[in-house]
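The values are calculated or read from the model by the stated rules, or taken from the named source; none is laboratory data. These numbers come from a predicted model, not from an experiment. Cβ atoms come from the backbone with ideal geometry, glycine included; neighbour counts cover every protein chain shown. These accessible areas exclude ligands, DNA and RNA; they are computed on the full protein's heavy atoms, side chains included. Shrake-Rupley method; radii C 1.70, N 1.55, O 1.52, S 1.80 Å.
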Amino acid sequence: MLPFRFIHAADLHLDSPFAGLSGLTDTMRKHLQQSTFAALNRMVQLAVHEKVDFVVISGDIYDSSNTSLRAQLRLLEALEHLNREHIPVYIIHGNHDPLDSPRLAVTLPPSVHVFGAEPESVTAVRRSDGQQVAVLTGMSYPTSKVKENISLKYNQRSAQSDLFHIGLLHANVDGNREHETYAPCSKKDLMAAGYHYWALGHIHSRRTLQESPYIVYPGNIQGRNIRETGPKGCYLVDVDEAGAVTMDFRELDAVRWFDTDVSIDNCHHPEQFRTSVERLLNDVSESFPTGLSMVRIRIIGRGTIHRELEDGFMLEDLLSDLRRKADDQAETVGYGGCVWVESFKLASGAEIQLDALLQEDSFIGELLRLAERELTGDMGNESVVAHALRPLMEQAEIRQLLQSLTREEQRDWLLRAMELTALLLLDDQESGGASA
Ligand SMILES: [Mn+2]
């Protein structure tokens, strides 16, 4: 084999709308909405700088089948740039941007190959001398809902060929439950084709399912929400004379998501809490000095400060103050190292001995044990929560809201209710109120 180098990227989700975020200033919203394009431009720069022989993009180039004109033009711009640098690009479309999506009929540069609705193979060459180095096989989703195992349609590697074989596939391999099961297939199916490298797309978190052959999800190039945390980018892949693969992850994201905890254990004053939060934001900023960080702060632990946090006013004030500072910083010195608090999630408790109360032979003890059983989910039809919610479920809107809650959100609500009830009952006891 001849050595060569390529970029494997997937799930660009260009022009992702970043909807559903409350409290953003106009500058922040604009910056977020530009981030998928910024990541794309960084990928182009990387390709040029690292002198790759070609780029592979494994589906979901666009965020929505109702592709925005802006997304198409920005992609075209990027592809034209790569064309001028004589870097070919191989593209498949996925469930977010299938072939039947209405799109502007733009003429793509000659160096771009978009795979059709049936698997086909093309040969890629090394830019330095035009020597053939790899066979690329891929197919695009004809429609958004591809439910069958399309990997079985991919040709076997021809025994005579000594070229490196790459498969471009947008699929859910081995049934990842966090993503929809489009084009379900197994590692076994992929290995059977005899390829050297499966360039996958669809799962947004980066993972190498296997080496030899390589079965790789590079993840998306730009995180889009709080569930897509951590560095995002692409793989720079080197193949040597022996066909050995070296993968180098390169960050491309302009905005990065963080889901973090701050503990209120031993925290008694608002200033103390504020300092802990600021220290946390500082750490985040230092870990991502080149871009904007979006941070969710989950407040955990037990401390006397919890009562003030429960009131809400202190957190609201702190949130608006931190956001104002972030906005100022962005406008004056730029987005590098800037940190925006996406939200606070209150998961802390008052300074009560929950473990002791749980053992207690009292009304509070009984109530907490009941809540615990609800939390562990072994109540079945006996569920007190389900029973209590029944009248509310008759209201269509409330029913919809409640049914849309994730298991985690349900748990959070129940935990909060449990903490609040314990607190109120204990206060009642202390002030000598009627005991139940
Ligand atoms: Mn995707």
Spin-label pair T406/S186, simplified geometry with 7 Å Cα→Cβ offset, distance in nm: 2.9 nm
Modelled FRET efficiency - R0 60 Å, S128 with D261, Cβ distances, 0.05 increments: 0.75
Share of carbon and sulfur in the accessible heavy-atom surface of the chain [1.4 Å probe, %]: 49 percent
With all protein chains modelled, accessible area of K147 [1.4 Å, Å²]: 110 Å²
Theoretical gain in end-to-end length, S320 to N66 [0.36 nm per residue, Cα-Cα removed]: 87.9 nm
Cα-based reach from K325 at 22 Å (exclusive), listing lysines while leaving out same-chain residues under 8 positions away: K30, K345
Per-pair calculated FRET efficiency, R0 = 25 Å: A19 and H81 via Cβ, rounded to 0.05: 0.30
Dipole of the chain, positive end: most advanced residue of A371, F313, L79 [Cβ charges, Cα centre]: L79
Summed residue charge, Cβ within 15 Å of G303's Cβ, Lys/Arg positive, Asp/Glu negative: -4
Ratio Rg/Rh [Cα only; Rh per Kirkwood] for the stretch 106-161: 1.04
Bins of 10 Å from zero: percent of alpha-carbon pairs in the stretch 249-381: 11, 33, 26, 18, 10, 2
Cβ-based net charge around T332, under 13 Å, with every Lys or Arg adding one and every Asp or Glu removing one: -1
Cα-based Rg and Dmax for the stretch 79-214, where Dmax is the largest Cα-Cα distance (Å): 15.4, 44
Rh by Kirkwood over Cα pairs, then Stokes-Einstein D for the stretch 204-313 at 1.306 mPa s and 10 °C, µm²/s: 95 µm²/s
Calculated log₁₀ intensity ratio I(q)/I(0) where the Debye formula runs over C-alpha points of the stretch 162-266, q = 0.12, 0.18, 0.20, 0.23 Å⁻¹: -0.48, -0.91, -1.06, -1.25
Sparse-neighbour loop sites [trypsin sites (Lys or Arg not before Pro); the stretch 181-287; at most 13 other C-beta within 10 Å; DSSP]: R227
Rg in Å to one decimal, and Dmax rounded to a whole Å, for the stretch 301-349 via C-alpha atoms: 13.5, 38
Summed side-chain charge close to D174 - residues other than D174 whose Cβ falls under 11 Å, Lys, Arg +1, Asp, Glu -1: +3
Sequence ranges 83-96, 298-311, ranked by mean other-Cβ count within 10 angstrom, highest first: 83-96, 298-311
Rg/Rh ratio calculated on Cα atoms of the chain (Kirkwood radius): 1.06
